[in-house]
Structure formats: structure tokens, C-alpha cells
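Step one of this worksheet: look at the structure below.
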2 protein chains.
Amino acid sequence: MFQNFDAPSRAHPITERLVALRAQLGRTGLQGFVVPHADEYQGEYIPASAERLAWLTGFTGSAGAAIVLTDEAAVFVDGRYTLQVRDQVDVADFTPEDLIGHPPHQWLKAKLSADDRIGYDPRLLTLAEVRRFEAVCQAAGAEFVALSENPIDAIWADRPLPPLSQVMQQPDDLAGETSVEKIRRMQAVLAEKGVDAAILAQSDSIAWIFNIRGADVPHNPVVLSYALLRRDERPTLYVDGRKLSNVLRDALSERADIKEERDFLVDLTKLGADGRRVLVDPQTTPALFARTLTDAKGTLVEGGDPVVLPKARKNAVELEGTRRAHRRDGAAMTRFLAWLDANGDQGTETEISVARKLEQFRAEAGVADDMPLLEISFDTISGAGPDGAIVHYRVNESTDRKLETGTLYLVDSGAQYRDGTTDITRTIAIGQPTSEMRDRFTRVLKGHIALATARFPKGTTGAQLDTLARHALWQAGLDFDHGTGHGVGVFLSVHEGPVRISKAGHLPPESGMILSNEPGYYKTGAYGIRIENLIVVTPPAPIEGGDREMLGFETITLAPIDRNLIEVALLTPTEKGWMDAYHARVRETLAPSLDGAALRFLIDATQPLEA
Amino acid sequence: MFQNFDAPSRAHPITERLVALRAQLGRTGLQGFVVPHADEYQGEYIPASAERLAWLTGFTGSAGAAIVLTDEAAVFVDGRYTLQVRDQVDVADFTPEDLIGHPPHQWLKAKLSADDRIGYDPRLLTLAEVRRFEAVCQAAGAEFVALSENPIDAIWADRPLPPLSQVMQQPDDLAGETSVEKIRRMQAVLAEKGVDAAILAQSDSIAWIFNIRGADVPHNPVVLSYALLRRDERPTLYVDGRKLSNVLRDALSERADIKEERDFLVDLTKLGADGRRVLVDPQTTPALFARTLTDAKGTLVEGGDPVVLPKARKNAVELEGTRRAHRRDGAAMTRFLAWLDANGDQGTETEISVARKLEQFRAEAGVADDMPLLEISFDTISGAGPDGAIVHYRVNESTDRKLETGTLYLVDSGAQYRDGTTDITRTIAIGQPTSEMRDRFTRVLKGHIALATARFPKGTTGAQLDTLARHALWQAGLDFDHGTGHGVGVFLSVHEGPVRISKAGHLPPESGMILSNEPGYYKTGAYGIRIENLIVVTPPAPIEGGDREMLGFETITLAPIDRNLIEVALLTPTEKGWMDAYHARVRETLAPSLDGAALRFLIDATQPLEA
């Protein structure tokens, strides 16, 4: 089982650690130190060895930061964690601050005196972040000092070792394009951009281009490493050699030089000394690498990671694998929903017991299909009743709530299989739903259908499409406070850039991209609703009777949507037609994989809506 | 009558003018000169005295530019004018180029040699434009030289005098806020932005803050002038004194210093010498003013014109005036539509005759209402049959087309009254429309209704709302290639910033803004459809049963929409309900102002749709 349901603990001798850090800062003549929740690879998940923020402050949330000054310290958390931080952190040690509304560099601005020296670890802050801190320090006459050693590491006696998961090859028949060909394509991009090389600092970019996967961090099957693409030479992969079998090393060596991570700085210095132009993404590249290049007189060409867009545009083989993964995952979800239908209203199940059951069905489906479940793609959001209204709810032993009749249960979960990554949310009525619940659910469904059926011209942005998912809610004075869709990788990150369907989605979805379609509605203290399928952007195609080619979406997630929650009178004939056709497809596709009670449930749950 | 329907002529001795300009450039040691279609006030319309581009090239379109080099010259026009430019300009003199796809600075880039000196008139190019030219010149080792005299003016012997229209006071009971109060509000904005002063270079900003109007240019009732706002002192209005009556001068002098335009440079130099921080909009301010400030060591604070947003948010008095103007204009439109209904299919009317008739009904309505029509708010777009498919069509004597039965007629027009500005488009079936026309019209109508009825949270952008107007078209493989809506002033510009409903509309509509709602569909060579009403953004308000306040729109344009073009089966019950309620409101509001055939037409044209 992959999820840890332990309640957040508060066992650490935080005050002593703070004293020790301040002493350490004092020895090096620093008046402060910045502690981000980040490792040196800047991914969504970090290994235990990089949990410096949790070790220092006690706060174990998935995002945040701290700043320690000589006589005060703050911990920065977002709206998800305002309660948790007060449970886990003594405010006498760290003042809780708003990570979004009053971010660390702005907080620091008000605290600085001239000649202060504030330290940071240049592996843990990106170039863009460092620039923000440098600007406020410069304005105050203070200095933002890159440290060669992290002062926390000097006092964190029992710091875990960095992960050393074995690197796996992602076979060509799942990747759909050889690594050699991907490297060649990217070299053409570098030539087009007029750069000699590009730093790849994002682990999923590296996993994609070399067709490798790993298990260094939870949920995201990447290999923590760096890479250097070169326009006219072989790329170099900087990775701990102990992660590579001899066979894999030999295979990788055919297309790349393999070096230890410590050689990365050496090679960057050499590139700089040779006067090379190097493409660097300031938003994702640790400041250390950018500064190493410029210190050596290299030219920084700032731009987005060049791998991000090619990786987001999936090829036919990746899409076929993902569809296969969704059929397998849909069968598991349907077995789960059938089980929940039989057991959910007995008063015996809880958020954790149900989430564990779902993992079990997924694991069994993987075994049955000879494509094992390797990981869940993120911590399952298992929210009963009012917990469903907490958008980023992560159940733990101390919050675990029983499923009760007359409530809604929301479950957002996903799987990592070798052939694809899934992400699905279903909301299920436990017992009889109220008419308000049915009204809200149906409006969310209308938004979901509007996006699923949308046709749109090339160049339409995610922000423009986002409106379709909200319109039915807006008309009723309702809305939801999260994006409608994010990109999804293929046996990679479940949150993949660069395109998203949200108010801030300024990029257009392109043919082959996998996105989520997940509008919702949340009534604080009462219930939460979300309906999420993954969708693939279909290529521009003519429409009968039309005069322009339009892109559209293919829904690839397959599992029944709870008909008990649909108010048919609120649907247009077109919407009802979509719902019935989707359910028919779910039934036809999944029936061969199911039997017994699950098959009976599937057939019943996918019947046409009664008008 | 306000519109000039003369065919574009080609009577100018262009080659001689080009020779004379090159000789003039030679005398001053220049290898080239840039001629924009702009005056020194950077508005949408320019006076005859500023038509240097037309004088030099023969091209009379409403946008464009030219660059004259020693041995070649180019004229830049957008897609509207690719045919017209070849009729009006000899390509042996000027090569036609694409203003959007290959703009002047990029074209120049490929032509430059080191040490070239390219001249420009720094009153006619904005700071942002000059920077683009400077960048390409610098890259080529050439120089972009600001000239103190425009070399065209030196050779344009019969150049018209600049306009000297009388300035009118816009009374407080129409403006809804005294100029004194507006100045005070804007001074608070300057204080907030930490600047000492702001340049107002846009004539409609000046008209708004001083509550004045004029007639210096067509259609847009502004006074060509400049102004300087000062945080701690009275503002200065720089305007030709001959435009002011003694009474108005006295009134204006109570709230501002009045100076001649030539004093503007003197005062800017003084501000600079005093080390002042001055807010300048680089997109709308002639480079001369910005450079005068910086040459004198003043500090340029770049930002948007501070008046633009306050001006766009209309107060209750302005909205009431605008609603009154729309009732008056709606009565004129209805008389016109009744007349067209009786005469349009007789084979006797043409695009020009019909447009003239519409002006006549507007003029009569103004007289009847004691609020005369002062101007049309833009050149009427009067498009019969295939001409309706040309989005920016302006009829002239050489293109004038008869209205024929079995076609569509599109008319986009507006009025300037003292109490408000109107802008309305109606598409009318002349005889029996085809079922394709009805299908397309109904899809456009569905988009129009979706926007008219939209409720949306504060902060929703114009780009997000734009989707609603296109969705029904997209689903059928159709779209239109213009924005859905633009801002509209109150007895000011019919195209007013900063908010628009379009793919590029990154700003959110705010309470009190007046916008257009004008989706369309265009079938090249066949017909054009557009349905345009003006809408006002309503304040955030709760919705029965909802949990969030939502903004919305009030439709203020009142005139029948052609029911013969509506395919009722394509409308949802909600859409049909909106259409019938709109028509009932049109009938109730306009009936008291109409009689005879027009009243009978109104009653007939506003009957509920038959399902």
C-alpha cells in the first residue's frame, strides 16, 4: 500500500533545532537563512532527505517555506494548511505567515537592516526565486548570500540518505519514440533557438528524453538527476551511478555520456569558459547552475524548458498505452464502486478503509492485466460529507470520518502503470441525496459535459475553455475555486505542464495532450462534488456542415458517474445524449473485464437516464 | 449628412511627391523617413491636416504606414485594404506590405545599412513605436533620428489648416461628476502611484477629465489637445485658445491653467529639470514628450494612462443618459427597419441610399427628442449580400450594391448625442432567407444571448467571456474573426479601452462599463451576419439559491431582431424566453415614440417566437 495515513505528529524538539541553526548561522556571520520546501530538483514531491522544512519547523505540509532570523522566524503556508501549521508548529518558535498573500521575500523586506547577510542554499532556490530575494535585499542595502553548504545539513544528525531507486528503461513500445530520436528532435530545437546547450533540471523532462523511470520520490516515477543537452554533441546525464544496472548503463551509454551529479558543475564551468550560449529556465533551474554558468562567462539564454511542450504532445503509442491503462483502471474503479454501492451506507466504512479498498482493487486489476500497479499517482483524496468540501483534503488517522447515509462521498485518486497514468474523481451519494445535492451535481455535470464535447479552433487557450466548465454554475450563483484541468503525463507526473484549463491558462491545448476535466462544487461544512475524467485533445478536424476545422476532446477515463445524483430535467437533450452514450461506452468497454456483482452493478449503473 | 461615400480616388501626382520628399531627405542627410497614419494625438481618427500618408502615397485607408528610402518605398496596410491599396497606389512608387504580418520596423530591419540615418517625426510615433524602430536601427549600426520639422510639411503646399472646432462644455447633469471632483480623484491616484505628474496624451481622456467635447475629428467628439495632471497643483490644459469662447475659458480656468500647445514642451522641460517623476503611457504618448522629459533629467514612470479605467467605469448619470440615448436611437432604428421592411425588397434601394435613410431617421429622432444627432459614431457599415461578409466594409459610390431579394443586409451604425453614444448592428432578411442563413443567424443569436445573460464572478476576463459568444458556432465548425465586444464611451469614442471581450481581452469587465455584444458569422462571397447590442456590466449581486455574488449584463440597445432569421427549434427554452422578453421590452419602451406604419411594424416584429 502506497499511502501513509499517519496523523501529522508534533514530536520534534523544534526549539532546540532553531537554537542550533541560529548558532550555526552565527558562526558563519549570517543574520538569517531561507528554508524552502524544495529539493535540488524542484519537483512536486521531495525525498525524505530533503524534508529540511519539516525537520526544522515541524510543519509537514506539501508546500511552504521558513525564514529564520536572529531573533524571529516565520513559517509560510498556503490556505490548505492554516490550521495544520498551528497544530504542528509552536508559534513561539515560528510565526505562521501567508505563503501566497505575504510571500517570504516580501516578509523579509520589512525585516531587513542595512548590511544584513541572509543566507540561502543555491541548489534549493530557482534563479527566479533568488532574483526576488536579491531585489529586496539590494533595496535594503543587505546581501543575499549563496552558501556552499546548507547549515541545516550540518546540524541534522540523523538526516536520511538520498534515495537510490533503481532506474528502469521505459521500453520503446510504450514510449512510442526512441530516446535517440527525441534527442535529435531537441537538438534541432536548440539549433532553432540559436543556443549551444540547454540545462534540463526537471526530472520528468529527463525521464521523457532518455525514456527512463525511477522511484526516487513518491507518486512521480522519476529519477532525480540532471542533464545537459548539447546542440552538436551527445547529451550528458548526471546521475548517481548506483542507480544504474550494468545493462541499463550500457544501453544509456549508447546515446548519452553518464556522469556523477558532482560533474555537472564542472561541465557548466567548462561550457561557460568556452563562451557557450546555454538555454536555462529561470523558473525551474536552481540558481547555482545558472550562476555557475555566468560566473564562468557563459551566456544565459532564458526561456522555458524546451522538453516541456514536446513531452506534453503525446504520440499515438503513448495515447494507446494510456487508453489501455484507463480501461484497466476503469475496471478497478467499477469494482470499487460496486463494492461501495453494497457497503458504503452500512455505517462501517471510513475514509481510510475505503481508500485502502480502492488501492486493493487497483492492485488486483494490475495483476490481472499483467501490468502491475507501480504506485498511486498522488495521495488519494477520500472525503466523506463535509471533508469532501475541503478541496485538497488528505485524510489521516486523526481526521478519519465514517461514511454516513444521506451524505456525499468524494474520491479523487489515480494510478501509475507502466503504460499510463490515471486520475479520476467520482462523487457518490451514500443513501438518498437531497434535491440541492442533485441540483449542484447536475450543474457540475453540465460543465463537465460542456468541456468534454467542446469543439474549438486551434489557439483557443485554457482560460477560454475554462468558462465552459463554469457557465452552468455561474448562472446559479455558484463557482469552484480551483482550475478545471491540468496536464497529465504518461507514466510520469499526474500534474504536468505547460497547458492547463483554468482562469490562468494562457496556453492553448494542442493535439495529443492529456488533460483533466474536473469541475466541482463545494459547500463548506456540508459536502463536496467533483466529476473528473481525463481527456485527450483530438486533432483539427472538419465538422459536417461547418467551414472550419476544430479541435476537440476524447474522454479516456471509463467509470460510471452516479446516476442517483443527476437531475435529468436540468439536462438538455444533447447533454442527456452525451451521458447515455458515455455510460454505454463504459459498459461495453468494461463488461468483458468484470463478472458477478461488479458486472451487475456496471450494467445497472450505466443504464440510460430516465427523462 | 455625416458620411462621405466618395469612391477612393487616384488623382494625386504621387511620383512627383515622392521625388520631392526624397530631395528633402537628401538635403538633411537622411536615407529614409517613416510616415505613420497618425497625428500628434494618437487617436482613432485624424484631421485632414494630418493625412500625410494619404497625401504622400494616395492610400486613404483608416490605418497604415509608409517608409520611404532612397531607392525604394513601401506602404503598409492590413487585410482590409489589400485590394484598395493596389487601386490607389502605383506599386512602382510604393510596394504594398502587410502591416500586421510584416510590420514597418521589421521591413526596415532587412533594408538597413550601417550608418544609415532614418528620420521620423517624434510627435507622430509613440514611445513604444520609436523603441521598436530604434532596436532594429541599433542592431544594424544605423541611427533613428527624431526630426524637429516634418519633411512632408515642408513640401505639402496646400496642406489643410489644423481643425479649430469650438470646445463645448459637457454639463454636469450629463457627466454625472464635476471636473473638479474628477481631478481630485486622479490626483489621489497619482499620489498612490508615487508620481508628481502625469501626461494625458489621449484626447478622450482629456475630454473626460475636463468635461469638455469638441469636433476636431470625425465621429469622435474630442478636442485635440494635451494635458498635464499634477499631484499637488492645478492641471494644465494645452489647447489652441481660438477653440475656446470667453465663457468656456473662464469656466475652465476655475479648475485648470490654460496654455497653448507649444507651452507643453516648455513645461515638460521644467518638470524634468525639477527632477519630477512623471507617469507616461508609452503606448499612447508621442515619443517627443517622453524624450523631452528624460532629456531634462526627469524620471519617466511608465504605466497606463490613469484616466482610462475611471473613464470606462460609468457613473449612474452617464448610464441614465446612455439609456435615454438608446431609447431615442432605438426609435430611429425601428422607423428605419419599418421603412426597410416596406422598401428593401423592391430592387430600388442600395447600400448608400439605405445608409442615408438611416442617418435621416436618426436626425429626426434627435430633433423630436430635443437632443440633436451631433455626429454618427463611426462610418456606417452598410453591406448587402456578399458585401456583408466583409467585416470592415465601407461602402462608396464605386462599390454601392443594390439590396436584392433572397439576400441578407447587414447594417452596423451608431450615433453621437450629447447624452450618449450608440452602436448597433442588425442583419435583415431581404425576402426569404435560406435555411442555412437561418441556421447561421440562430447560432450567432445563441452566442449573443449567452453573453447577454451571462452571470460571472468578479475578475472574469473578457477572453473568458468571449467563449460564450462563440460556443454555439464552434460546435458547428464555425467562428468569426473579430472580437465579440469593445468598450463604448458616453458621448465619446465608440471604441473605448481598456476592456474588451475577445480572445485578447485580458482585463475583467467591471461594474458600470459599457461594452458591445456583437458575435457574427461571415460567408465570403455570400452574406454576413452580425447581431450587436450594447450591454452595461451590472454590479455584483446575489442570485436566488446561489452562494456567490455575480456580475452580469443589462442590454441597453433597443430594436427588433429579425424574427424571420430565427430557427426556433435551435433555441433552448431559456434562449427563446430571453428573445421574447427582449422583444416585449423593446415594444413597451419604444411604442410611445412611434406611430403609424412604424408602430405597426414594431408590434408585429416583437411578437413572441412561435415554437
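The values are calculated or read from the model by the stated rules, or taken from the named source; none is laboratory data. Keep in mind that this is a model prediction, so the values were computed, not measured. Note that each Cβ is placed from the backbone with ideal geometry, even for glycine, and that neighbours are counted across all protein chains shown.
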TODO: Only one of these is assigned by TED's automatic domain parsing to the domain that holds A:ALA454, small (Gly, Ala, Ser) and touching a residue at least 60 places away in the same chain (Cβ under 8 Å): A:GLY552, A:GLY545. Name it.
DONE: A:GLY552
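Take the conditions buried (at least 19 other Cβ atoms within 10 Å of the Cβ), farther than 30 Å from B:LEU56 by Cβ and touching a Ser or Thr at 6+ places or on another chain (Cβ under 7 Å) and apply them to B:ALA198. Does it pass?
Against the criterion (buried (at least 19 other Cβ atoms within 10 Å of the Cβ), farther than 30 Å from B:LEU56 by Cβ and touching a Ser or Thr at 6+ places or on another chain (Cβ under 7 Å)), B:ALA198 does not qualify.
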- [ ] Could you look through the stretch A:469-486, keep only residues that are surrounded by fewer than 24 Cβ atoms within 10 Å (Cβ to Cβ) and under 12 Å from A:SER516 (Cα atoms), and pick out the one that is farthest from the other protein chains (Cβ to nearest Cβ)?
- [x] A:HIS486
Task: strands (runs of 3 or more DSSP E) (entirely within the stretch B:496-611) containing at least 2 residues that are crowded, with 22+ Cβ neighbours inside 10 Å and within 13 Å of chain A (Cβ to nearest Cβ) - done: B:520-523, B:550-555
TODO: Return a yes/no flag: does the stretch B:71-80 have any residue that is touching a residue at least 60 places away in the same chain (Cβ under 8 Å) and outside the structural domain of B:ALA287 (by TED's automatic domain parsing).
DONE: yes
- [ ] Kindly indicate whether B:PRO104 is touching a residue at least 60 places away in the same chain (Cβ under 8 Å) and touching a Leu at 6+ places or on another chain (Cβ under 9 Å).
- [x] no
TODO: Please verify whether the stretch B:11-19 includes one or more residues that are in contact with a strand residue (DSSP E or B) (Cβ under 8 Å, 6 or more places away or on another chain) and farther than 30 Å from B:LEU373 by Cα.
DONE: yes
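Would you call A:ASP196 in the same structural domain as A:LEU271 (by TED's automatic domain parsing) and over 25 Å from A:GLN283 (Cβ atoms)?
In short, no.
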TODO: Might you let me know whether the stretch B:268-285 holds any residue that is surrounded by fewer than 20 Cβ atoms within 10 Å (Cβ to Cβ) and either closer than 30 Å to B:GLU404 by Cβ or of a type in the set (Asp, Glu) (or both)?
DONE: yes
Open item on the list: Please count how many residues of the stretch B:226-240 are out of contact with any strand residue (DSSP E or B) (no Cβ under 7 Å at 6 or more places or on another chain) and without any contact (Cβ under 8 Å) to a residue 60 or more places away in the chain.
Closed with: 2
Open item on the list: Can you tell me which residue is nearest to the other protein chains (Cβ to nearest Cβ) among those in the stretch B:428-450 that are assigned to a loop (DSSP other than H, G, I, E, B) and not polar (S, T, N, Q)?
Closed with: B:PRO433
Task: Residue tally, condition surrounded by fewer than 21 Cβ atoms within 10 Å (Cβ to Cβ), among the charged types (D, E, K, R) and in contact with a helix residue (DSSP H, G or I) (Cβ under 6 Å, 6 or more places away or on another chain), over the stretch B:358-388 - done: 1
Task: Matching residues in the stretch A:57-108 - criterion: being closer than 23 Å to A:GLY26 by Cβ, loosely packed, with under 15 Cβ neighbours inside 10 Å and not β-branched (Val, Ile, Thr) - done: A:ASP71, A:GLU72, A:ASP90, A:ALA92
TODO: Scan the strands (runs of 3 or more DSSP E) fully inside the stretch A:49-137 and keep the ones with 3 or more residues being farther than 29 Å from A:ASP295 by Cα.
DONE: A:73-77, A:95-98
Task: Selection count, the stretch A:434-449, where residues are surrounded by fewer than 24 Cβ atoms within 10 Å (Cβ to Cβ) and of a type outside the set (Lys, Arg) - done: 6
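Let's see how each residue does on (1) free of Cβ contacts under 8 Å to residues at least 24 places away in the same chain; (2) in contact with a Cys (Cβ under 7 Å, 6 or more places away or on another chain); (3) aliphatic (A, V, I, L, M):
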| site | (1), (2), (3) |
| --- | --- |
| A:GLN170 | no, no, no |
| A:SER179 | no, no, no |
| A:ALA188 | yes, no, yes |
| A:ALA191 | no, no, yes |
| A:ILE199 | no, no, yes |
| A:ILE206 | no, no, yes |
| A:ILE209 | no, no, yes |
| A:ARG213 | no, no, no |
| A:VAL223 | no, no, yes |
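Please specify each residue of the stretch B:451-466 satisfying the condition of being more than 8 Å from chain A (Cβ to nearest Cβ), in contact with a Leu (Cβ under 8 Å, 6 or more places away or on another chain) and surrounded by fewer than 24 Cβ atoms within 10 Å (Cβ to Cβ). Please lay out each step first, then the result.
Residues of the stretch B:451-466 more than 8 Å from chain A (Cβ to nearest Cβ): B:451-452, B:458, B:462.
Right, trim to in contact with a Leu (Cβ under 8 Å, 6 or more places away or on another chain) and you get B:451, B:458, B:462.
Matches in the stretch B:451-466: B:LYS458 only.
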Open item on the list: Just to be sure before I move on: is B:ASP173 of a type in the set (Asp, Glu), out of contact with any strand residue (DSSP E or B) (no Cβ under 6 Å at 6 or more places or on another chain) and buried (at least 17 other Cβ atoms within 10 Å of the Cβ) in the structure I sent?
Closed with: no
Open item on the list: Can you go through A:ASP173, A:ASP204 and tell me which one is farther than 21 Å from A:GLY497 by Cα, charged (D, E, K, R) and modelled with pLDDT of 95 or more?
Closed with: A:ASP173
TODO: Answer with yes or no whether A:THR405 is in contact (Cβ under 8 Å) with a residue 60 or more places away in the chain, away from chain B (no Cβ under 14 Å) and not in a loop (DSSP other than H, G, I, E, B).
DONE: no
- [ ] Could you tell me which numbered condition A:GLN607 fails, if it satisfies all but one of (1) farther than 22 Å from A:THR421 by Cα; (2) touching a residue at least 60 places away in the same chain (Cβ under 8 Å); (3) of a type outside the set (Val, Ile, Thr)?
- [x] (2)
TODO: Please enumerate the residues belonging to the stretch B:453-508 that are of a type in the set (D, E, K, R) and under 23 Å from B:MET550 (Cα atoms).
DONE: B:ARG455, B:LYS458, B:ASP466, B:ARG470, B:ARG500, B:LYS503
